[in-house]
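Single-structure report; data block below.
Only the coordinates and a few stated rules stand behind these numbers; no lab work does. Nothing here was measured: the structure is a model prediction, and the numbers come from that model. In this analysis, Cβ positions are derived from the backbone assuming ideal geometry, glycine residues included, and neighbour counts consider all displayed protein chains.
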Amino acid sequence: MKYQGYAGKILRVDLSNNKVTMENVDETLVRQYLGGNGFGIKYLYEEVPAGLNPLDPTNRLIIMSGPGEGTMLPGAGRAVVITKSPLTNHFIDSYFGGHFGAELKYAGYDGIIIQGKADKPVYLLIDDDKVTIEDASDLWGLNTFQTQFKLREKLGEDISTLAIGPAGERMVPLACIISGVSAAGRGGTGAVMGSKNLKAIAARGTQDVAVADIEGFKQYVKSVVERIKAHPGTGKNLPAYGTTASIKTNHDLGILGTRNWQQEQFEGAIAINGTTIKEKGYGIGSITCVACPIACSQLTLVNQGIYKGALTIGPEYETLFALGSTCGNANVESIVRGDQMCDEYGLDTISVGAVIAFAMECYENGIIGKEETGGIELNFGNHEAIISLIEKIACQEGMGKILGHGAKRAAEYFGRGAERFAIHVKGLEVPAHSSRGLPGMAIGYATSNRGGSHQDGRATGERTGQVDRDVIEGKGRYAANVQRMTALCDSIITCRMTENIYGLIGITDDHVQMVRLITGMDLNKEELVDIADRIYTLERVFNIREGDESRKTDTLPARFMEEPIPGGPSAGKVITPEILNKLLDEYYEERGWDKNTGYPTAQTLKRLGLEQVIKDIYPLR
């Protein structure tokens, strides 16, 4: 291959036939989709037919790195899992940090495409050019950390691993994949992996990753590191607290989801903030991903009380929200324990916390009672109930069987008005960033191809004051430009923790420079915008092809459109249907999508080189 930054091969694994093959990466694929998420959606679209049950063996589990992976580029220590989600029945991509993506590249592969189902539990071993499917019967039933420790004992300490826990084995739609201590958390990736009887993947490699301009790249990396160290947030707050200090920041702005988003200020915010975790002596160190100077992952150990001994990486801001404020829970020790349990079982903390908060509001409104909860008093703030429900969700016991399918399906099961309390977008529970207080985030949620994800739209610009959150006009175009940045960075792949360095909105000179220095492709901003738009549009068409993605589904929970924030600095803020419709018009115009349907127009699809998908959404043309 004439482009650098790539291993040049894709590994294909057919578990039904116990077969492993390799194929070369096509240069056209590189120029059109760049890597990572771009490669993933191209393969997913072409190989997963519409209407397929996500837990069917035909569904693909795709793991991809990007051209930045395995290099010195700060923030490129990530990889992505792409599949059809068993939670939403839509496209999902979920990112994880650590070292696995780099080891995959060092072994000679840009990605893995897995299909089929093994007839017994197995794990995949990648050791440079030796790739085998191994018996995992002795690993089945172990939690994610036990599995990875056992693989290291068996294969060597230099092996990099990812695994599912008991929740993935049981195919719980909220199940995730854990790599080292990092989670590919959202959308049920662990359930898809479990449906294939695939317990783990282990990778080790000894090859180099070449870049196009090594001297220029070294100078660029040096300048990036200097900028990171000088930045008060990225270079100082993140290494000290990770994302945990955002709890107090967002509480002070009046945009911290509380009691299932009934309020957006939490009286217990200080008790669960990162500074308090440090003051109590629970913070015992930090961990970094490969080649990253930020080291934002905080290691936390509870040393007192009923949760003494609880140990986790984090909890991150999202988990402090999910198991804390949105459940009305100010007991930080229980959050650490809950985070540990979710990691061990292999569960998405965001969706788990959100669905428990949903159940709490249902309980307090009489929609469900002790008969449904198994005797649990499911009031907001009951941290013991939260811990109990995490185990029940993972083990699919009692009420956990219902909640493990997510808030949308649980609300449909309970009925009696429960739907209003299910805070999700397109079946994916909304994370810890306010729609009502951040209009750019609202349109980002509504148009996210994943659903309720904060990784397509981003809250950072409005939350930090770099973008005026009180201004509505233009936020549709703003959201499209933020999504261009996220789509491109998800294909390079770079971590969101570097967005204040590389750029928050749209494609920047940094993106142009890193692509040129690593790959040798001299692409300008407009060409990179086309790559980002091609990727994001193909994800959209994947969802449209499933039959239920349109302007009608580009919406928000009723609470965010009908109930203004009741108090605090953001009191009165709300995204009414009128505001949302105005922003959607702006957004569709910027994207080149039809304003009536929300479909990409045939003209836009042709411009992006996606002529082949026109027939899938415009069958009569």
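You can think of it this way: the chain between K278 and E23 has 86.9 nm of extra reach, that is 0.36 nm per residue less the Cα-Cα gap. Across all Cα pairs in region 323-396, the calculated P(r) in 5 Å bins from zero up to the longest distance comes to 3, 18, 31, 26, 15, 5, 0 percent per bin. Compactness of region 303-441 was expressed as the Cα radius of gyration divided by 2.2 N^0.38 Å, which yields 0.99. Taking Lys and Arg as +1 and Asp and Glu as -1, the other residues whose beta-carbon sits under 14 Å from that of Y220 total -1. Evaluated with a Cβ-only charge set (Lys, Arg +1; Asp, Glu -1), the chain carries a dipole of roughly 140 debye about its Cα centre, given to the nearest 20. Pairs exceeding 23 Å between alpha-carbon atoms, taken from K408/K552; K19/K615; K2/K218; K120/K426; K552/K615; K150/K401: K19/K615; K120/K426; K150/K401.
Among DSSP bridges having both ends in the chain, what percentage is antiparallel? Round to the nearest 5. Percent antiparallel among DSSP bridges in the chain is about 80. Taking a point 7 Å from the Cα of E562 along the Cα-to-Cβ direction, the residues of region 445-459 with backbone N closer than 19 Å to it are 446.
Most tightly packed first, judged by the mean number of other beta-carbon atoms within 10 Å of their residues, the peptides 350-357, 466-473, 541-548 read 350-357, 541-548, 466-473. Net charge of the neighbourhood of A107, taken over other residues with C-beta under 13 Å away and scored Lys/Arg +1, Asp/Glu -1, is -4.
Cα centroid separation, region 528-559 to region 242-274: 30 Å. When the pairs K117/K154; K370/K392; K236/K525; K280/K392; K9/K42 are compared against a 19 Å limit on Cα-Cα distance, K117/K154; K236/K525; K280/K392 fall above it. Taking the inverse of the mean reciprocal distance over all distinct Cα pairs, the Kirkwood hydrodynamic radius of the chain comes to 24.1 Å. Size descriptor for region 470-621, Kirkwood hydrodynamic radius: 17.2 Å (Cα pairs only, one decimal).
In this calculation the C-beta distance from K236 to E412 is compared with R0 = 45 Å, giving a FRET efficiency of 0.45. Each residue of region 158-166 was assigned a 3J(HN,Hα) from its phi angle through the Karplus expression (A = 6.51, B = -1.76, C = 1.60, θ = phi - 60°), giving 8, 7, 10, 9, 9, 7, 9, x, x Hz with x at Gly and Pro. When the alpha carbon coordinates of region 373-492 are projected onto the principal axes, the ranges are 49, 32, 26 Å, largest first. Quick one: Debye curve from the C-alpha atoms of region 119-167, no solvent, what's log10 I(q)/I(0) at q = 0.14, 0.22 Å⁻¹? Values, matching the q order: -0.33, -0.80. Taking N as the residue count of region 61-187, its C-alpha radius of gyration divided by 2.2 N^0.38 Å amounts to 1.02. The GluC sites (Glu not before Pro) of region 203-280 that meet both conditions, a loop assignment by DSSP and at most 12 other Cβ atoms within 10 Å of the site Cβ, are E267. When region 257-338 is described by a simple charge dipole with +1 on each Lys and Arg Cβ and -1 on each Asp and Glu Cβ, the residue from N331, I306, I272 located farthest towards its positive end is I306.
Under the criterion of Cα pairs below 8 Å and six or more residues apart, the relative contact order for region 483-621 equals 19 percent.
Mean separation of Cα pairs under 8 Å and 6 or more residues apart, divided by the residue count, gives the chain a relative contact order of 15 percent. Stokes-Einstein diffusion for region 169-281 at 25 °C, viscosity 0.890 mPa s, with a Kirkwood radius from C-alpha pairs, works out to 132 µm²/s.
Each Cα pair under 8 Å and six or more residues apart adds its sequence gap; the mean of these over the residue count of region 280-433 is a relative contact order of 18 percent.
For region 1-148, the Kirkwood estimate of hydrodynamic radius, built from reciprocal distances between every pair of different alpha carbons, is 16.0 Å.
Residues whose amide H comes within less than 5 Å of that of A136, counting only those at least five positions distant or on another chain, are V122, Y123 (H built at 1.01 Å from N in the peptide plane). 3J(HN,Hα) along region 223-229: 5, 5, 4, 5, 5, 4, 4 Hz, from the Karplus curve 6.51 cos²θ - 1.76 cosθ + 1.60 with θ = phi - 60°, whole Hz, x for Gly and Pro. For region 452-553, the calculated P(r) over all alpha carbon pairs, in 5 Å bins from 0 to the bin holding the longest distance, is 2, 12, 21, 22, 18, 14, 8, 3, 0 percent. Look at where the Cα atoms of region 466-514 and of region 18-62 average out, and the two centres are 26 Å apart.
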